[in-house]
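Since the structure comes first, as structure tokens, the remarks are kept for the end.
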Amino acid sequence: MGRMNSKLRKSDFKLGCIHGKINPKEENSEAMIQRNVYLSQSIKIKRSNDDKKNSLIRLFAYEMPLGLRRDNCVDLVGYDVEHNLYLIELKKGSSAEALSKVIDQINGYANKVAEIREHIEGDFEKTFYLNLKFKKIKKLILAPREFYKGNKRNDYSDDTIEYLYFRDMDITERKIGKTINVHKVKS
């Protein structure tokens, strides 16, 4: 695997806790949406009406820092029943960020996580008393539908990423602790 980047963390990934803005002032801010999704504890990816093709993701990290400073933080991190590790980049609908930039961002996170995966697993075991070895690293971009509007088929240039959307009522009106359904964007 090569030599680990010395600027990446080896511990203290802030698993199982909320840090940052606990009660964001703006109801539809990215921080508020992120907090609501995390406190819901899980998301269900609805890929089809066949439940076997859907995935339930158990969330365990919020703004997980990858570097020694608090720059490079993955918005949400979770795992599924097969122990695949999910890195989730969350965007609000009014974000002006280009999809290509978000793709680069999530790919950068995945590369870093691949280098320090065993350290994340160690922190996971210490925090949750569960020895879990993560299999594949999966990447998700999660945003309201309007974030994706205006993107053409070739904008979804990376097929290793799942592009997902949520409905605003699923996020802002959902009771905390209830699974949030997210849906695959049809590019």
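The values are calculated or read from the model by the stated rules, or taken from the named source; none is laboratory data. Just so it is clear, the structure is predicted and the values come from calculations on it, not from any experiment. Virtual Cβ from ideal backbone geometry, glycine too; neighbours counted across all protein chains shown. All accessible areas refer to the heavy atoms of the entire protein, side chains included, with ligands and DNA or RNA removed. Shrake-Rupley method; radii C 1.70, N 1.55, O 1.52, S 1.80 Å.
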(message) Looking only at residues that are in a helix (DSSP H, G or I) and in contact (Cβ under 8 Å) with a residue 40 or more places away in the chain in segment 75-109, which one is most open to solvent (accessible area, probe 1.4 Å)?
(response) Ser100
(request) Take segment 46-73 and flag every residue that is at positive phi and at pLDDT 90 or above. (result) Glu63
(message) Given the criterion touching a Gly at 6+ places or on another chain (Cβ under 8 Å), at pLDDT 85 or above and under 23 Å from Cys73 (Cβ atoms), identify the matching residue among Ile88, Ile137.
(response) Ile88
(message) Condition first: open to solvent by less than 50 Å² (accessible area, probe 1.4 Å), in contact (Cβ under 8 Å) with a residue 24 or more places away in the chain and under 14 Å from Val77 (Cα atoms). Now tell me which residues in segment 117-130 satisfy that.
(response) Ile120, Asp123, Phe124
(request) Output the number of the condition that Asn72 fails; it satisfies all remaining conditions of (1) buried (at least 21 other Cβ atoms within 10 Å of the Cβ); (2) closer than 21 Å to Ala31 by Cα. (result) (1)
(request) Look through segment 131-144, keep the residues that are under 17 Å from the mean Cα position of the chain (by Cα) and not hydrophobic (A, V, I, L, M, F, W, C), and return whichever of them is least open to solvent (accessible area, probe 1.4 Å). (result) Pro144
(request) Evaluate segment 49-63: report whether one residue or more is without any contact (Cβ under 8 Å) to a residue 24 or more places away in the chain, in contact with a Phe, Trp or Tyr (Cβ under 7 Å, 6 or more places away or on another chain), among the basic types (Lys, Arg) and surrounded by 13 or more Cβ atoms within 10 Å (Cβ to Cβ). (result) yes
(message) Here is a check on your reading of the model: is Ser11 modelled with pLDDT under 95, among the polar types (S, T, N, Q) and closer than 18 Å to Gly122 by Cα?
(response) yes
